[in-house]
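For reference, the structure discussed in these notes is given below.
Derivation of every value follows stated rules applied to the coordinates shown; laboratory data play no part. Just so you know, these numbers come straight off a predicted model, no measurement behind them. In this analysis, Cβ positions are derived from the backbone assuming ideal geometry, glycine residues included, and neighbour counts consider all displayed protein chains.
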Amino acid sequence: MKDALNNKSISRYYINTKDGIDKVINHFNKYSLLTNKKISFEYWKILIHMKNNNKHKFKDSLNEMINIKNKMNPDKKNYKI
């Protein structure tokens, strides 16, 4: 573990289906994250729900989604329309 932290090794998991996203959500609902990532995950679930309900197609909702995104991973860059 110490070597992994020193080398900043990472793992990536790519999904491109609703079923895959549902599996990720179910996994992290069952095995909860313990850091600030947990808060970002909760925001991400809201965004997924909004997208699945086509909210991203409307400017007001899209702006709301961007505001939610900007709350995620607070040290990351914020976006605006």
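Structure values in brief
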{"read-out": "Segment 48-77: trypsin sites (Lys or Arg not before Pro) in DSSP loop, at most 12 other beta carbons within 10 Å", "value": "LYS76, LYS77"}
{"read-out": "Spin-label pair LYS51/SER32, simplified geometry with 7 Å Cα→Cβ offset, distance in nm", "value": "2.5"}
{"read-out": "Order of TYR14, TYR31 under a 10 Å beta carbon neighbour criterion, fewest first", "value": "TYR14, TYR31"}
